[in-house]
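Asker: Can you read through this structure? Questions will come right after.
The values are calculated or read from the model by the stated rules, or taken from the named source; none is laboratory data. Keep in mind the model is a prediction, meaning the values are calculated, not measured. Ideal geometry is used to build each Cβ from the backbone, glycine not excepted, and the neighbour counts take in all protein chains shown.
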Amino acid sequence: MEGIVRSWVDGWVVSRGAASPVIEPWGCTIDVGLERHVTRHVFGAVGDEVDEAAVRKVAEAVTGDGVWLKVFQHPSVIAGLLGEGWWVNPEPGYLMTVPLTVPPPGSPAASASGAGGAASGVRRETDLPDGYRLRVWSRGGVIRAMVTAPDGSLAARGQTAPVGRTAVADQIETSPAHRRLGLGGTVMRTLQRAAAEQGAETGVLAGTPAGRALYETLGWRVVAPLTSARFTPPAPPASG
């Protein structure tokens, strides 16, 4: 597999508590264990290096509901390779990377994580709107950041899994009622700094079109498009 794809896989399985990847000639298979996300097949090549024959072969062998394909190519290409039963997300995701560094004291990223880096605790951050609070904690190799609103409800969250020199950012989200307040940037800067403090040198994530704009303002760059496809078996014919 491409090095960046393997780094993303290794961090993602830690972040989600999934099974270790089973390496295949074309990539890897990961057991996730959720009803709508039982297993995923991740292809190891990116862009024009993706083996279309391998994608067809793997897809044709899938028969179970809740199996996903992750292919680092545009959906317009991959959709034509898949047969009946496959739902293909028409919007491409993006495999993205960024260099990770510990920012100097006084910078926005430094203030976002506060004194003590990723140590657990609730903090009132100067770059957050009044009443919002940031909490950061680490458990099971995963660093999590959460911003709560003045009423205590969830405003934004995210997590990252440092694995060696790479850290995979995952499940970054801002609640609709709290968007456009800079909360997503605070979460990302916090996670990036915390991962860098643990020795990670490169950040990796699989982003959505909506998230891409935020990540690019923080220095992330697109490496390849990402197609997500889920198999749903055709309904059996009605008995007459």
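Asker: What residue, among those in region 169-189 that are of a type in the set (Gly, Ala, Ser) and in a helix (DSSP H, G or I), is surrounded by the fewest Cβ atoms within 10 Å (Cβ to Cβ)?
Answerer: Only one residue fits best here, namely ALA177.
Asker: Something else: Pick from region 134-163 the residues that are touching a residue at least 40 places away in the same chain (Cβ under 8 Å) and outside any strand (DSSP E or B): which of them is nearest to GLY211 (Cα to Cα)?
Answerer: Only one residue fits best here, namely GLY141.
Asker: Run VAL102 past the list (1) closer than 26 Å to ALA200 by Cβ; (2) modelled with pLDDT of 95 or more; (3) in contact with a helix residue (DSSP H, G or I) (Cβ under 6 Å, 6 or more places away or on another chain) and report the number of the one that doesn't hold.
Answerer: The single condition VAL102 does not satisfy is (2).
Asker: Taking region 217-236, which residues are in a loop (DSSP other than H, G, I, E, B) and under 16 Å from GLU60 (Cα atoms)?
Answerer: Scanning region 217-236 gives THR232, PRO233, PRO234.
Asker: Follow-up question, since we're still on this one. Among VAL46, VAL55, VAL9, which is within 15 Å of ALA224 (Cβ to Cβ), over 20 Å from the mean Cα position of the chain (by Cα) and not aromatic (Phe, Trp, Tyr)?
Answerer: On inspection, the qualifying residue turns out to be VAL55.
Asker: Does THR97 fit the bill of being within 23 Å of ALA213 (Cβ to Cβ) and either surrounded by 15 or more Cβ atoms within 10 Å (Cβ to Cβ) or of a type in the set (Asp, Glu) (or both)?
Answerer: So THR97 passes the test.
Asker: Could you list, in sequence order, the residues of region 190-210 that are modelled with pLDDT of 95 or more and in a helix (DSSP H, G or I)?
Answerer: Once the filter is applied, which keeps residues that are modelled with pLDDT of 95 or more and in a helix (DSSP H, G or I), region 190-210 yields THR190, LEU191, GLN192, ARG193, ALA194, ALA195, ALA196, GLU197.
Asker: Follow-up. Report yes if ALA54 is of a type in the set (Gly, Ala, Ser), surrounded by 16 or more Cβ atoms within 10 Å (Cβ to Cβ) and over 17 Å from VAL9 (Cβ atoms), otherwise no.
Answerer: no
Asker: All but one of (1) touching a residue at least 60 places away in the same chain (Cβ under 8 Å); (2) within 15 Å of VAL102 (Cα to Cα); (3) in contact with a strand residue (DSSP E or B) (Cβ under 6 Å, 6 or more places away or on another chain) hold for ARG193; which doesn't?
Answerer: Only one criterion is unmet by ARG193, namely (3).
Asker: Tell me which helices (runs of 4 or more DSSP H) are completely within region 1-99 and hold 2 or more residues being in contact with a Gly (Cβ under 9 Å, 6 or more places away or on another chain), touching a residue at least 60 places away in the same chain (Cβ under 8 Å) and polar (S, T, N, Q), or say none if there are none.
Answerer: Answer list for region 1-99: 3-16.
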